[in-house]
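Here is the structure we will look at.
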Amino acid sequence: MKNADMDTSFIADALPAFLSEAREQIAAIEQLLLQLEDAPEDRNLLDSLFRCAHTVKGSAGIFGLDAVVGFTHHVETLLDRLREGHLLLTPALSTLLLQCNDQIKALVDAAQDPDADDAAAAAEREALIARLHAAGGAAGGVAGGAADLPALGGASTVEATRPAAVLGPWQVSAQFGADTFRNGMDPLTILRYVAGLGRVAMVACDSATVPTLELIDPESCHLAFQFNLQTDADRDAIEAAFSFVRDDCALRLTPPVIAAESPAPQLGDMLVAIGAVTPDELSNALKKQAEARDATGQVPPIGELLQNATGMRPQIIEAALQTQTRQRAAGAAAAPPDDTRFIRVQADRLDAVINLLGELVIAGAGAALLARQAKQRTLIEANTQIGRLIEEIRNGTLQLRMVPIGETFSRFRRVVRDTAAELGKDVAFEIIGGETELDKSVVERIADPLMHLVRNALDHGLETPVQRLATGKPAQGRLVLSACHESGSILIRITDDGRGIHRERVLARAWERGLVEHGVTPPDADILKLIFEAGFSTAEKVTNLSGRGVGMDVVRRNIEALRGTVMVYSDPGEGSRIEIRLPLTLAIIDGFLVGVGASKFIFPLEAVVEVIEARSSVSKPDAQGRSVVELRGRVLPVLSMRSLYGLETAEPERISVVVIKSGSHSYGVMVDVLLGQHQTVIKPLGRMFQSLRGMSGSSILGSGEVALILDVNSLGDFAAGKPSVLGKTREAANGGPKTFIQG
Amino acid sequence: MSDNAHALANAPGRAMSTLRLPAELTIYTAAETRAAWLAWCAADADQIESTCRVDAAAVDEVDAAGAQLLVALSNSLAQQQTVLQLCNASNPLRQACEDLGLARLLAPDGSDGDDGASTGAGARA
């Protein structure tokens, strides 16, 4: 009875880990299937695909999730036939497998929430299983089972041309430790067991490790072996064979290599082999590479040259580079298994560490301040050193939270594929800069807005092939999702070559909805920004995807909640570009500290352009504290913090104006004292202050004071008098203008 | 065993006798086996042959420890430019040698050992 209880609690504890890993495998399956659409015969991908399904099935079995095991088994069987070369991966089969993968996902989710599964889903699974069987064919006959799917008619030819052992053998090197015999283990038994996993060849015993008869201790083990193992088992299974001697045995497994001839294939050759470039293109690129090297001494990467010359998609090069790296590692002496390069860390533990580091930063600043006040040089130096170390640790820890945005981007492939098919559009989807990294929490929160924007582009931006041909464009539309770092932020672009945004339609709809005063034509950039207003949509039809007008304003709000900005650019008839700028991390800000009266404020450093001492030239402020100043021939709106936030203290003799640039606005802010650069941890404002405009957070200074971090975007809107463009109807409705604070 | 080997075994004036491998060549008998072989080697200190043939027909049980001892013996003999050869190896010993990549120690079947060292490229498919 007790054992059963322990089992149940073990399962309950371990289930989250299983679910998380299973979901990763399922996501990997989807990615692999999408990759395989471009390279349906890639052995490595097919093998990985099989292993993912196998892993899900195996783990599910441990947890007694029979439904998952049962269904996944059918998928696994088909995947096995695929990787053995008995079946060809056709687009139809690919779609079927994607649907099956969705079912597996649903079943895994049902493991967590048993009520989620129902009879309809079960019926769907039955149908899928039937299709899987039809596609896989009867057990022994490939040609026989191909009756339903004519695309598989070529399967028998496929089988004839494929060699039986498509993957090379594993190379195993095992050096048994001295205590092997004493621990009761016999290497002979172990080797025989390993041989049972497949086919062993070229066994070699290294006699050099064995001493002579005179010197040898007969009860110590000095044996080392090397052999090749041809097997279907994966690394884990092979290692498991050595599990009893694992602690005492130096085991090295080198995975099989695709190209038997060359252990370290050249990138160019690989690309020619998969047909991405022709041999002529390759030799041209190599010539250019040599010329560049002679001319500048620098060798441009062959991948770049080929890409520029042939317009080949970057993903192909990336995939080839990854395969090359893998093969190089396989050919090299010691290749550590992939799993040891990463450690799974619980996200909240990492957050706790980062919080503590934030406190450490503040405490360190406090200590440094006291040291300065004590005016002891050695103490100041010691604190400076500590401060430096703290900063390094903090930067390093923040790096731990960085994930490449490509993982999120890749999820969109499936969406684009399905949506484009649904809408009858032909779309080439490109991802550029997937390796660009940003903070994990930012990635998570930007995924949904991005998805919406991508769907929008597909739905409204890109035209159908017929429409495109009519306007002289190629039938296939292009949708590019790109990311890069730009001056301390990350820049994400969604670009399409569709029909663009029609200013007139947007304006007409804005007049209609009262968003803009009728007859008034705002500047071009502002018209485009109107699409982000709530309740706005020029779509004639409300589709399933978009057109309800609830999307774009939520998108903008989400982006701004991340301290980001979103801009739209568009050429009618040519296409549109949406640019999203996000800070690299939400936790830290490089700030410019200023003082007004007894209060302290922080501006984001990248927004500060300059500071001017301009008491006399500032004009008289209006009711809301706004005034203007002349700066190099241009008029600059100036805000008074005193008026904005009702600060009571008297104005000093000399005031400074900090010039801020946010988006396309420039404006100035009057402050009393400049306190310099200050990097600090951002503490979010509590829920009580959510409606407070103009502030995006707070920070604790070394002295223990709280400094408020200013939201330069909303201040900019206020300075430019923005609310009146939109707010006329709102103001009238709400009975007069409100103060800045109350929003 | 060939006539040659018998002759060697019984040649008058020669202290050397053909080494016979014991029935049990395992970790359990490793220490005593080593002692016996050392004694045998010492007795043949002045006999330098290019090939040292041992009688391997009696081996019934063998494990990696026993095989390791054979390798140690072969290493010792190699220091005197002598090659170890296991003649008429029993099935258990033959199998163990092939599994452990030591097939080079085996004499080819039915030969009298004069053909030289056996081919060591044994691979169990």
Note, A:ARG182: beta-carbon cut-off 10 Å, +1 each Lys/Arg, -1 each Asp/Glu, net -3
Using the basic label-point model (7 angstrom from Cα toward the beta carbon), what is the A:ASP269 to A:ALA295 distance in nanometres?
2.8 nm
Could you tell me the calculated FRET efficiency between A:PHE342 and A:GLN467, based on Cβ-Cβ distance and R0 = 56 angstrom, to the nearest 0.05?
0.75
Taking amide H atoms as placed 1.01 Å from N in the peptide plane, list the residues 5 or more away in sequence, or in a different chain, whose amide H sits under 5 Å from that of A:ILE432.
A:LEU481, A:SER482, A:ALA483
For region A:51-124, what class follows from the C-alpha gyration tensor (a ≥ b ≥ c being the square roots of its eigenvalues): rounded when a/c is under 1.5, otherwise prolate if a/b is larger than b/c, else oblate?
oblate
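Give me A:CYS249, A:CYS484 sorted ascending by neighbouring Cβ count inside 10 Å, so fewest comes first.
Result, fewest neighbours first: A:CYS484, A:CYS249.
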Could you work out the relative contact order of region A:1-115? I mean the mean sequence separation of Cα pairs under 8 Å and 6+ apart, divided by the number of residues, in percent.
31 percent
3J(HN,Hα) from dihedral phi, region A:633-642, Karplus parametrisation 6.51/-1.76/1.60, rounded to Hz, x for glycine, proline
x, 10, 8, 10, x, 10, 9, 10, 5, 4
Add +1 for every Lys or Arg and -1 for every Asp or Glu among the other residues with Cβ under 12 Å from the Cβ of B:GLU24, and state the total.
-4
Could you work out Rg/(2.2 N^0.38 Å) for region A:359-416, with Rg from alpha carbons only?
1.92
Enumerate the calculated ³J(HN,Hα) couplings along region A:33-50 in order (Karplus 6.51 cos²θ - 1.76 cosθ + 1.60, θ = phi - 60°), each rounded to whole Hz, writing x wherever the residue is Gly or Pro.
4, 5, 5, 5, 4, 8, 9, x, 10, 5, 4, 4, 5, 4, 5, 4, 4, 4
Counting other C-beta atoms within 10 Å, which of A:MET567, A:MET670 has the fewest, and how do the rest follow?
A:MET567, A:MET670
Expressed as a whole number, the average count of other chain Cβ atoms within 10 Å around the Cβ atoms of B:25-34 is 3
For A:ILE709, residues with placed amide H under 5 Å, excluding near neighbours:
A:ILE602, A:SER696, A:GLY697, A:SER698, A:SER699
Count charges around A:VAL466 for me, please; just the other residues with Cβ under 12 Å from its Cβ, Lys/Arg as +1, Asp/Glu as -1.
+1
Could you work out, residue by residue across B:94-102, how many beta carbons of other chains sit within 10 Å of that residue's beta carbon, and then give the average as an integer?
5
Mean Cα-pair separation over length for region A:397-485, i.e. relative contact order, pairs under 8 Å, 6 or more apart, %
41 percent
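So for A:THR680, B:THR82, fewest C-beta neighbours within 10 Å to most, what's the order?
On the way: A:THR680 23, B:THR82 17.
Fewest-to-most ranking of A:THR680, B:THR82: B:THR82, A:THR680.
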Subtracting the Cα-Cα distance of A:ALA178 and A:SER283 from 0.36 nm times their residue separation yields 32.4 nm
Across A:187-198, the residue-averaged tally of Cβ atoms belonging to other chains within 10 Å stands at 3
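Laboratory data are not the source of any read-out in this text; all were calculated from the coordinates shown. Computed from a prediction, not measured in an experiment: that's the story for all the values here. Using ideal geometry, Cβ is built from the backbone for each residue, glycine included, and neighbour counts are taken over all protein chains shown.
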